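Chemist: The structure is given below, and queries will be raised subsequently.
The values are calculated or read from the model by the stated rules, or taken from the named source; none is laboratory data. Nothing here was measured: the structure is a model prediction, and the numbers come from that model. No Cβ is skipped: glycine too gets one built from the backbone with ideal geometry, and neighbour counts run over all protein chains shown.
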Amino acid sequence: MARRAESHAVPMHLSHLGLPVRDARRSLRFYETYFGFDPATARRYEDGTVIVRNADGFDLALHGGQEVGPLPAFLHFGFRMGEPEEVRALLARMRADGVGVGEHYDEPAYVAFKCADPDGHRVETYWEPEA
């Protein structure tokens with residue numbers, strides 16, 4: 001019988017996400033334009049990968065030249081914003097720019113929407129009160 005490890009939880013933070021993309025430059029422009037990734041931090045690699053960082057130190061690895069097939073319906077990742085008005089403003093901007101927006105919620109304790117990046121990855125932007 002396997003022994004259960006003692007729980008000495010050390011805080012860990014997710015700090016990296018790798019995405020397959022068809023065109024890394026196009027994806028970089030998308031994440032720079034709407035999600036604050038800084039192109040000045042972009043590092044390009046021979047295999048077509050571009051790694052770019054945002055102000056929180058989160059690294060997004062865009063692996064270019066890939067075929068991106070259909071994704072499971074629930075698969076998504078998200079960005080939390082500080083105020084509901086910030087979510088609404090980004091939603092309005094994306095809609096004005098013609099970015100595909102799917103689900104949208106505007107409730108007193110939850111404001112959110114999901115959009116599709118250039119390769120169909122679903123990205124959630126949301127606000128909810130701190131627990």
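Chemist: With the requirement that a residue be aliphatic (A, V, I, L, M) and either touching a Gly at 6+ places or on another chain (Cβ under 8 Å) or under 16 Å from Gly18 (Cα atoms) (or both), what does the range 29-48 give you?
Modeler: Selection gives Ala42 alone.
Chemist: State all residues of the range 88-100 that are surrounded by 12 or more Cβ atoms within 10 Å (Cβ to Cβ) and over 14 Å from the mean Cα position of the chain (by Cα); if no residue qualifies, say none.
Modeler: Passing the criteria: Arg88, Ala89, Leu91, Arg93, Met94, Arg95, Val99, Gly100.
Chemist: Exactly one of these conditions fails for Leu75: (1) buried (at least 17 other Cβ atoms within 10 Å of the Cβ); (2) within 14 Å of the chain's Cα centre (by Cα); (3) of a type in the set (A, V, I, L, M); (4) more than 14 Å from Val111 (Cβ to Cβ). Give me its number.
Modeler: Answer for Leu75: the failing condition is (1).
Chemist: Follow-up. For the range 46-56, check the following and say yes or no: at least one residue is in a helix (DSSP H, G or I) and either modelled with pLDDT under 95 or buried (at least 16 other Cβ atoms within 10 Å of the Cβ) (or both).
Modeler: no
Chemist: Something else now. How do the pairs read when you match residues in the range 11-24 that are within 7 Å of His63 (Cβ to Cβ) and in contact (Cβ under 8 Å) with a residue 40 or more places away in the chain with residues anywhere that are surrounded by fewer than 12 Cβ atoms within 10 Å (Cβ to Cβ) and of a type in the set (D, E, K, R), using Cβ under 9 Å and keeping only pairs 6 or more apart or on different chains?
Modeler: Here the result reads Pro20/Glu67, each pair linking the range 11-24 to a residue that is surrounded by fewer than 12 Cβ atoms within 10 Å (Cβ to Cβ) and of a type in the set (D, E, K, R).
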